[in-house]
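The values are calculated or read from the model by the stated rules, or taken from the named source; none is laboratory data. All figures in this text were calculated on a predicted structure; none of them were measured in a lab. No Cβ is skipped: glycine too gets one built from the backbone with ideal geometry, and neighbour counts run over all protein chains shown. Note: areas computed on protein heavy atoms with side chains; ligands, DNA, RNA excluded. Shrake-Rupley method; radii C 1.70, N 1.55, O 1.52, S 1.80 Å.
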Amino acid sequence: MVLLDQDLIAGIGNIYSDDILWKAKVHPLRRADSLSDKEIKDIYESTKDILNLAIALGGTSISDYRDVLGGKGGYSDKRLVYKRDGEPCKRCKTPIKRIKVGSRSARFCPKCQKI
């Protein structure tokens, strides 16, 4: 998964990559070399949107992350698919699925993010 390759793009982990791909409607198993120009643009725009929102909200506190003042990040409440396995998709209400991609988990909507 290219979004998680820290040699190519630093700072994107599972939380943000899951939400970026959901917003762009791209399945997490899609190979980067199979993406259309439109899909690449959608991923780029979704990356900007998701990361800007996460920064504005102080990041994500799902387990133990805290900012320098000890506060929790507010993006946890805005997550689109990450750790929402079995919950209804926010677009189409289809249950969110979890799969393994390499050694990582990925969440996606099987209806909105077709392979």
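Can you find, within the stretch 12-29, the residue that is nearest to V101 (Cα to Cα) among those that are open to solvent by 60 Å² or more (accessible area, probe 1.4 Å) and in a loop (DSSP other than H, G, I, E, B)?
Here the answer is L29.
Could you grab the pairs with beta carbons closer than 7 Å, sequence gap of 6+ or different chains, first residue in the stretch 30-42 and open to solvent by less than 90 Å² (accessible area, probe 1.4 Å), second one modelled with pLDDT of 95 or more and assigned to a helix (DSSP H, G or I)?
E39/A24; D42/A24
Report whether or not T47 is open to solvent by 30 Å² or more (accessible area, probe 1.4 Å) and of a type in the set (S, T, N, Q).
Judged against the criteria, T47 is not a match.
Only one residue in K90, K83, K111 is out of contact with any strand residue (DSSP E or B) (no Cβ under 8 Å at 6 or more places or on another chain) and either part of a helix (DSSP H, G or I) or in contact (Cβ under 8 Å) with a residue 12 or more places away in the chain (or both), so which one is that?
On the way: K90 fails: either part of a helix (DSSP H, G or I) or in contact (Cβ under 8 Å) with a residue 12 or more places away in the chain (or both); K83 fails: out of contact with any strand residue (DSSP E or B) (no Cβ under 8 Å at 6 or more places or on another chain).
Sole residue among the options that is out of contact with any strand residue (DSSP E or B) (no Cβ under 8 Å at 6 or more places or on another chain) and either part of a helix (DSSP H, G or I) or in contact (Cβ under 8 Å) with a residue 12 or more places away in the chain (or both): K111.
So is A56 of a type in the set (G, A, S) and open to solvent by less than 70 Å² (accessible area, probe 1.4 Å) or not?
Details: of a type in the set (G, A, S): yes; open to solvent by less than 70 Å² (accessible area, probe 1.4 Å): no.
Criteria not met by A56.
So, R98, is that one touching an Asp or Glu at 6+ places or on another chain (Cβ under 7 Å) and open to solvent by 60 Å² or more (accessible area, probe 1.4 Å) or not?
Judged against the criteria, R98 is a match.
When you check E45 against the structure, is it part of a helix (DSSP H, G or I), of a type in the set (D, E, K, R), more than 12 Å from the chain's Cα centre (by Cα) and over 17 Å from K114 (Cα atoms), yes or no?
yes
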